[in-house]
Structure formats: structure tokens, C-alpha cells
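The values are calculated or read from the model by the stated rules, or taken from the named source; none is laboratory data. Just so it is clear, the model here is predicted, and its values are computed rather than measured. Here Cβ is always computed from backbone atoms with ideal geometry, including for glycine, and neighbour counts include all displayed protein chains.
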């Protein structure tokens with residue numbers, strides 16, 4: 001069964017700290033993996049997209065990693081800011097299998 | 001210019017009514033989608049259309065009827081609204097149906113509340 005699971009479900013961190021969000025998937029065949037950020041009251045916005053041949057990709061303070069062998073991806077946020085508070089969603093494959101999301105809250 | 005725009009943003013209505021949500025994209029994309037986001041924030045695909053043709057129709061009650069007059073528009077009509085239909089509905093589009101560089105572009109969402 002094609003599934004995408006994310007952890008933790010929610011996370012609270014202090015402003016300026018780093019954090020890592022996890023995504024495990026069983027989607028097959030695997031073609032690509034995307035991380036989206038969804039601010040409250042808004043639609044998700046793409047952060048990164050990675051194909052099976054890429055194992056790391058950065059977008060500013062966001063760095064995504066991919067291990068296609070273990071079917072795991074992580075999203076690392078460096079020097080968090082209050083504006084990073086959002087839900088982060090992992091989406092896998094051409095048929096867009098959505099993860100359950102991680103709700104991140106950054107507090108002053 | 002908003003890439004994917006949907007209206008209305010908020011909709012409050014009584015059970016049993018019929019309502020529509022409209023979506024338009026100006027990206028020149030071939031594929032459009034409707035997603036439902038429940039209270040747990042999980043996004044679930046409802047429909048996808050490619051060049052006005054229905055591709056995906058998940059297990060959605062037939063009270064939900066999508067209509068695509070052209071590839072830039074995908075409207076969602078809901079008959080006989082029920083309490084469980086309360087959710088945020090997101091329209092999205094992508095350049096094509098499949099492909100490694102395919103990225104979904106979402107609208108801002110339409111929050112439907114059924115009383």
C-alpha cells in the first residue's frame with residue numbers, strides 16, 4: 001500500500017534553533033519527493049522537489065535529504081524564525097501521495 | 001496575479017443546500033485537482049482533471065460533481081450538503097498529469113461550514 005508517514009506530528013521550538021522533520025514512505029515506484037509548507041489559512045507552497053538520484057537539496061534555510069534505499073526523507077530547518085511556524089507536508093510520487101504533515105510552532 | 005484562485009474563500013450554509021466553489025488557474029497548466037483538508041489537516045485528493053477530462057475520482061459521494069468547462073477552470077458543485085462536508089477545499093493545478101518536475105500549485109482554499 002502506498003503510504004507516506006511523517007513525524008513528529010507536532011513540534012515546538014525556540015526561535016533560532018534548528019529542527020528536523022521526518023518523512024517515511026512506501027510509495028512504489030518512486031519518482032520524486034516534495035516538501036510543502038502550509039501557512040495557517042493558506043494553501044501549501046512547494047519548498048523542494050527531489051528525484052531518486054538526488055540525496056540533498058537546499059532552499060535557503062531549508063535543506064531536504066533523501067535516502068531512496070531506506071525510503072526516508074528529512075527536512076532540516078536552520079536558525080528557525082517565527083515565520084517558519086506552519087505545517088510541513090511531504091508528498092511522494094507522480095500521483096502525489098500526501099503525508100500526514102508536521103505542525104511546527106516557533107516561539108520567541 | 002494569483003496563479004490559482006478559488007472563490008468563495010468562506011462559505012457558511014445550511015444542511016441540505018447546494019453550493020459551488022469555483023477555481024481558475026492562469027498558469028497554462030493541463031491538470032487541475034480538488035483536495036479536501038479535514039480538521040486533522042490531512043489533504044485528500046477528490047478529483048483530478050487533465051485537459052478537461054476526468055482522470056481521478058476518489059471515493060467521493062456523488063453529491064460532489066466537478067465541472068471543467070475548459071482546462072483553466074475546475075468548479076466543484078456539492079448537492080444536499082451534510083455536516084461532514086465541512087472542511088477546507090483546495091484547488092490545485094500542475095503542468096501535466098505526470099512527470100518528475102511536476103509541482104502542485106495550490107489555491108488559498110475555500111472553508112466550507114455546514115450548519
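Observations
- Enumerated strands (runs of 3 or more DSSP E) restricted to the range B:64-115, each holding at least 1 residues that are surrounded by fewer than 21 Cβ atoms within 10 Å (Cβ to Cβ) and more than 12 Å from the chain's Cα centre (by Cα): B:64-70, B:110-114
- Any hit, the range A:8-20, residues being without any contact (Cβ under 8 Å) to a residue 60 or more places away in the chain and either more than 14 Å from every other protein chain (Cβ to nearest Cβ) or surrounded by 14 or more Cβ atoms within 10 Å (Cβ to Cβ) (or both): yes
- Restricting B:21, B:45, B:55 to those that are part of a strand (DSSP E or B) and surrounded by fewer than 16 Cβ atoms within 10 Å (Cβ to Cβ) reduces the list to B:55.
- Flag if residue B:38 is closer than 23 Å to residue A:42 by Cα, at pLDDT below 95 and surrounded by fewer than 18 Cβ atoms within 10 Å (Cβ to Cβ): yes
- Looking across the range A:85-106, the residues that are under 22 Å from residue A:18 (Cβ atoms) and buried (at least 20 other Cβ atoms within 10 Å of the Cβ) come down to A:86, A:87, A:88, A:89, A:90, A:99, A:101, A:102, A:104, A:106.
- Cross-chain or 6+ apart pairs with Cβ under 9 Å, the range A:33-53 first and more than 10 Å from chain B (Cβ to nearest Cβ) and in contact (Cβ under 8 Å) with a residue 24 or more places away in the chain, then buried (at least 21 other Cβ atoms within 10 Å of the Cβ) and assigned to a loop (DSSP other than H, G, I, E, B): A:37/A:44
- Verdict on residue B:16 being more than 14 Å from chain A (Cβ to nearest Cβ), out of contact with any strand residue (DSSP E or B) (no Cβ under 8 Å at 6 or more places or on another chain) and within 19 Å of residue B:102 (Cβ to Cβ): no
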